[in-house]
1. So which residues in the range 229-265 are more than 16 Å from residue 30 (Cβ to Cβ) and of a type in the set (Lys, Arg)?
2. Can you tell me which residues in the range 236-269 are charged (D, E, K, R), more than 15 Å from residue 171 (Cα to Cα) and either touching a residue at least 24 places away in the same chain (Cβ under 8 Å) or surrounded by 15 or more Cβ atoms within 10 Å (Cβ to Cβ) (or both)?
3. Say we look at the range 116-149 and pick out the residues that are among the aromatic types (Phe, Trp, Tyr) and under 14 Å from the mean Cα position of the chain (by Cα); which of these is surrounded by the fewest Cβ atoms within 10 Å (Cβ to Cβ)?
4. Mind listing whichever residues of the range 62-80 are among the acidic types (Asp, Glu), surrounded by 15 or more Cβ atoms within 10 Å (Cβ to Cβ) and within 11 Å of residue 36 (Cβ to Cβ)?
5. Please work out which one of (1) within 30 Å of residue 21 (Cβ to Cβ); (2) surrounded by 15 or more Cβ atoms within 10 Å (Cβ to Cβ); (3) modelled with pLDDT of 95 or more is the condition residue 172 fails and give its number.
6. Please list, ordered by residue number, the helices (runs of 4 or more DSSP H) wholly in the range 204-294 having 2 or more residues that are over 18 Å from residue 180 (Cα atoms) and out of contact with any His (no Cβ under 7 Å at 6 or more places or on another chain).
7. Tell me yes or no: at least one residue of the range 87-102 is crowded, with 22+ Cβ neighbours inside 10 Å, under 30 Å from residue 233 (Cα atoms) and touching a Gly at 6+ places or on another chain (Cβ under 6 Å).
8. Any idea which of 99, 69 is in contact with a Leu (Cβ under 6 Å, 6 or more places away or on another chain) and hydroxyl-bearing (Ser, Thr, Tyr)?
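The values are calculated or read from the model by the stated rules, or taken from the named source; none is laboratory data. Since we're looking at a predicted model, the values are computed, not measured. We place every Cβ from the backbone using ideal geometry, glycine too, and count neighbours over all the protein chains shown.
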Amino acid sequence: MQGTRDVCPDFKRRSSMETEVRIHLVTVVGADLQQFPHMLNHYAEFGFDSLLVNVHLDSCASSLLDEVTIIARKFGAEIDSVFIGKWLQSVNPFLYAHTMRQRPRDWFVLADSDEFQVYPANVREFLSGIDSQGFDYVEGCVIDRVARNGGFPEIVNKPTIWEQFPLAGLVTYPILGGNILKVVACKGRVSLGPGQHSAHSGRGCPRNLHYIPVHHFKWCKGVVDRLRRRIEFYKAYDEAIWRESQRFIHYIETHDGKIDIFDPQYFLAESTSEYPLWPIVKDCVLSAAKIRGL
């Protein structure tokens with residue numbers, strides 16, 4: 001069953017009792033923790049009822065859990081589950097669903113550790129309003145953050161991560177051919193597709209009413225090596241996603257090891273948490289999604 005998205009929101013508003021929503025952040029953390037403290041710092045200011053962290057370990061001998069726990073405690077986050085095993089494509093959606101199904105009536109903001117969502121208003125007021133209109137999920141899309149020289153620097157504690165990656169635009173779609181559509185928040189009962197790219201159930205908030213930018217801080221130190229390993233790993237398991245990584249490696253090898261920040265197709269612009277080209281890029285993304293039936 002596919003989720004539905006109404007063009008004209010004309011639903012009976014839910015009772016005042018039901019609009020007193022509980023809202024949680026849910027994330028999944030793997031081997032790379034560069035973004036994690038910045039990510040929790042970003043979301044800790046949203047006033048969620050809880051920050052729930054699922055941890056993926058390659059083996060029982062990994063020290064990652066201790067590192068994640070130390071960082072999580074600084075921001076009042078809690079470890080919701082620990083998964084030990086290979087990072088197959090089924091793992092990520094399983095861990096998100098594991099957390100969400102325990103609280104089917106609550107709202108969840110869904111964010112990987114390199115994804116920083118920006119809302120047009122206080123998130124509690126925003127999602128309470130969405131809930132009162134009878135919607136079950138909200139969508140958005142990825143906006144990639146890039147270093148000023150197009151390189152891949154290490155993420156450090158200061159300055160802010162926004163200042164370390166001051167350019168915002170589109171990289172994932174034009175270079176990798178990756179899906180940049182996201183379900184950014186939903187009720188716990190909503191069934192999601194892999195990568196939170198789509199909803200399989202529930203009633204979606206119309207995209208022309210609200211659409212949320214997801215700032216994506218992936219392009220940092222170590223990403224090229226990780227994508228090389230990813231190619232070999234997913235090839236071995238016959239998972240087609242390896243082709244996205246291969247496209248990026250080919251691009252880097254033919255562009256002096258950097259992202260060409262002057263290429264107009266990437267819509268890169270100096271940005272804080274506010275992306276000045278968002279209205280233009282949003283319209284382009286939504287038009288392309290409509291054409292492709294997404």
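1. 235, 243, 247, 258
2. Hits for the range 236-269 are 239, 243.
3. Going through the range 116-149, the residues among the aromatic types (Phe, Trp, Tyr) turn out to be 116, 119, 126, 135, 137.
This time we only want the ones that are under 14 Å from the mean Cα position of the chain (by Cα), so: 116, 119.
Values: 116: 23, 119: 19.
Within the range 116-149, the match that is surrounded by the fewest Cβ atoms within 10 Å (Cβ to Cβ) is 119.
4. Correct list: empty.
5. (1)
6. The helices (runs of 4 or more DSSP H) meeting that bar are 223-236, 242-253.
7. Scanning the range 87-102 turns up at least one residue that is crowded, with 22+ Cβ neighbours inside 10 Å, under 30 Å from residue 233 (Cα atoms) and touching a Gly at 6+ places or on another chain (Cβ under 6 Å).
8. Answer to the check: 99.
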